[in-house]
1. Considering the stretch 53-74 alone, what residues qualify as being part of a strand (DSSP E or B) and over 24 Å from residue 2 (Cβ atoms)?
2. Look at the stretch 1-56 and say how many of its residues are of a type in the set (Ser, Thr, Tyr) and modelled with pLDDT under 90.
3. Could you please find all residues in the stretch 30-51 being over 21 Å from residue 5 (Cα atoms) and either free of Cβ contacts under 8 Å to residues at least 12 places away in the same chain or in contact with a strand residue (DSSP E or B) (Cβ under 7 Å, 6 or more places away or on another chain) (or both)?
4. For the stretch 33-57, give me the residue count where each residue is exposed (fewer than 14 other Cβ atoms within 10 Å of the Cβ) and farther than 22 Å from residue 79 by Cβ.
5. Between a residue in the stretch 12-23 that is closer than 7 Å to residue 43 by Cβ and any residue that is part of a helix (DSSP H, G or I), which pairs come within a Cβ distance under 6 Å, given they are 6 or more apart or on different chains?
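The values are calculated or read from the model by the stated rules, or taken from the named source; none is laboratory data. These figures come from a predicted structure and were not determined experimentally. As a convention, Cβ positions derive from the backbone with ideal geometry for all residues, glycine included, and neighbour counts pool all protein chains shown.
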Amino acid sequence: MTRSIWKGPFVDGFLFKKAEVLRSSGRNDVIKIWSRRSAILPQFVGLTFGVHNGKKYIPVFVTEDMIGHKFGEFSPTRTYYGHAVDKKVKRK
């Protein structure tokens, strides 16, 4: 179920503060975050966030097309290795 329009997008307060401090300083550092549930705002465009996927931080460079999405969408948590190959089918 989606969030109500009248509530607006959810963003953790510390995340917004970190982004504002980095943007005002002019540096180009990676902001490490654990908040995968936070929405991407227009103020985040051009910044790089290190989104935690449970094991490591995945760098996510925010562009205009990402506005409105969640950070968790760009940091996969599972590794897909492909389907197991059936040995009977290969043997001829």
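1. Step one: list which residues in the stretch 53-74 are part of a strand (DSSP E or B), which gives 57-61, 70.
Selection gives 57, 58, 59, 61.
2. First pass over the stretch 1-56, keeping only residues of a type in the set (Ser, Thr, Tyr): 2, 4, 24-25, 35, 38, 48.
After this cut, where a residue has to be modelled with pLDDT under 90 as well, the list is 2, 4.
Summing the residues that are of a type in the set (Ser, Thr, Tyr) and modelled with pLDDT under 90 in the stretch 1-56 gives 2.
3. Once the filter is applied, which keeps residues that are over 21 Å from residue 5 (Cα atoms) and either free of Cβ contacts under 8 Å to residues at least 12 places away in the same chain or in contact with a strand residue (DSSP E or B) (Cβ under 7 Å, 6 or more places away or on another chain) (or both), the stretch 30-51 yields 30, 31, 32, 33, 34, 47, 48, 49, 50, 51.
4. Taking the stretch 33-57 first, the residues exposed (fewer than 14 other Cβ atoms within 10 Å of the Cβ) are 37, 42, 46, 54-56.
Keeping just the survivors that are farther than 22 Å from residue 79 by Cβ gives 42, 46.
Residues flagged as exposed (fewer than 14 other Cβ atoms within 10 Å of the Cβ) and farther than 22 Å from residue 79 by Cβ within the stretch 33-57 amount to 2.
5. 19/44
Quick grid of which residues meet (1) in a loop (DSSP other than H, G, I, E, B); (2) in contact with a Ser or Thr (Cβ under 9 Å, 6 or more places away or on another chain); (3) surrounded by 13 or more Cβ atoms within 10 Å (Cβ to Cβ):
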| site | (1), (2), (3) |
| --- | --- |
| 1 | yes, no, no |
| 10 | yes, yes, no |
| 14 | no, yes, no |
| 17 | no, no, no |
| 28 | yes, yes, no |
| 31 | no, yes, yes |
